[in-house]
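Just below is one structure, and these are the notes that go with it.
The values are calculated or read from the model by the stated rules, or taken from the named source; none is laboratory data. Predicted model only: the values in this text are computed from it and were never measured. Cβ: placed from backbone, ideal geometry, glycine included. Neighbour counts: every protein chain shown.
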């Protein structure tokens, strides 16, 4: 029961730390009980099959954490309107399994190399796993530790140097050092060591906080300009209205919303992800002939100097099987199609610019590792509310230039906004403000859309770019370069949000270097594994 209790304490500390309802400072010791559980079972118990007990208890911890923090996935529905239980069961169970595997690797290494080498390995493998979780096709970095401070931007201004992955490293170092301090105290009960380690621990916590507050109150970056933005929030029901209403009706309502709220000069109108059309998508080879897109050009012709950026569903047809894109699929004899979740910038008398979403939602927008898994699973993912195909993507980010002013927009689409280093690619392309086009109405009134909004603050700090966030049902928001929400909307309102957005062109260290600590951790992990193999070989040769 002692070890079960330690496991449950870790689970609850992790859970109550999480945004947007939590107190993040619990995260500094949330993993300590779990480390104590592993150490106690490994060193002081006489259980058989210790590794399975440790694996089972760690899995229990991570399942509870995942359910409490991401159980809102149950808010998504199947096409028939019923809630999709598998939408929460699969990611919770699989993500918890991955975290448990990471913890189990720590247990194996610690038993082989000793506690201190094991703790170094724990930090390295956790950091490497978080980086891996940012890059593979089953990507789900929602619970990366550095995200935990998103509701407290004042204390993480140094993310402009090391990013949210630096926050993960900070949290892991402190948890490990607390555990180390407890072990030293239990072993020797020396007050001198306790005072010394407590002082080091205080420095680890408070020096970054002091640096952050200094950055926050002394932020004096000079903008190169300012643009007036009207964010559109049409509150279109994603399950019913979007697929039952005529596309022209949906667009007319959107443009009417823009028109009636256009007071004064508007430089940018920004609409949400897949704001048009309703059912179906728009052919990219016929953009210039599209009635929907030309209607927007007509709207802009009465608003001189304005640009319209919106999310759309789009597609491309192919008639030859040679060199087909990976995401293209056959719909008729001699005809293939590739579908996209896209963002477009529309300007009168200019060619429409398009960007295709680069980070897709696993199971919804991408069939992960389709070549391997589709022959095995068949239509199983479709039956579970997922997809049997994948959307196409752009390999590189883009930034849309504005011919009327200095604005250069980063067209970030929904899920992409939780990827730090990925977002810096827009800045490297010259983007001087970030536009997040999102439709997170699929989850209903849950923590989902709140957390996604909260994570956007991290991107503002990392890049020192202001954000204009247009959400279908909300929450639309203007976020400044310090990660503060200056204005926002209520969820579920049909409304607009006006904001004066500052333009910045300087590059933060994080924008240049990206997830530096993650790459160092991957190198450290390789070194630790190599060191283990060398030691094992030396022992074998000595016999």
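Of note:
- The set of residues in the stretch 97-117 that are assigned to a helix (DSSP H, G or I) and over 29 Å from the mean Cα position of the chain (by Cα) comprises 108, 109, 110, 111, 112, 113, 115, 116, 117.
- Identity of the residue in the stretch 497-513, in contact with a helix residue (DSSP H, G or I) (Cβ under 6 Å, 6 or more places away or on another chain) and buried (at least 21 other Cβ atoms within 10 Å of the Cβ), that ends up farthest from residue 264 (Cα to Cα): 510
Rundown of residues vs (1) closer than 30 Å to residue 237 by Cα; (2) buried (at least 18 other Cβ atoms within 10 Å of the Cβ); (3) touching a helix residue (DSSP H, G or I) at 6+ places or on another chain (Cβ under 7 Å), yes/no style:
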| site | (1), (2), (3) |
| --- | --- |
| 10 | no, yes, yes |
| 24 | no, yes, yes |
| 28 | no, yes, yes |
| 38 | no, yes, yes |
| 43 | no, no, no |
| 48 | no, no, no |
| 82 | yes, no, no |
| 87 | yes, yes, yes |
| 91 | yes, yes, yes |
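- The sole residue among 313, 339 that is assigned to a strand (DSSP E or B) and out of contact with any strand residue (DSSP E or B) (no Cβ under 6 Å at 6 or more places or on another chain) is 313.
- Lone qualifier among 318, 269 - being in the same structural domain as residue 436 (by TED's automatic domain parsing), within 27 Å of residue 407 (Cα to Cα) and touching a strand residue (DSSP E or B) at 6+ places or on another chain (Cβ under 6 Å): 269
- For the residues 493, 425, 394, the requirement of being in a loop (DSSP other than H, G, I, E, B) and either free of Cβ contacts under 8 Å to residues at least 40 places away in the same chain or in the same structural domain as residue 67 (by TED's automatic domain parsing) (or both) singles out 394.
- Single match in 252, 349 (criterion: more than 31 Å from the chain's Cα centre (by Cα), closer than 30 Å to residue 501 by Cα, part of a helix (DSSP H, G or I) and without any contact (Cβ under 8 Å) to a residue 60 or more places away in the chain): 252
- One residue from 435, 460 being crowded, with 24+ Cβ neighbours inside 10 Å and within 24 Å of residue 517 (Cβ to Cβ): 460
- Flag for residue 212 being in contact with a strand residue (DSSP E or B) (Cβ under 7 Å, 6 or more places away or on another chain) and surrounded by 12 or more Cβ atoms within 10 Å (Cβ to Cβ): no
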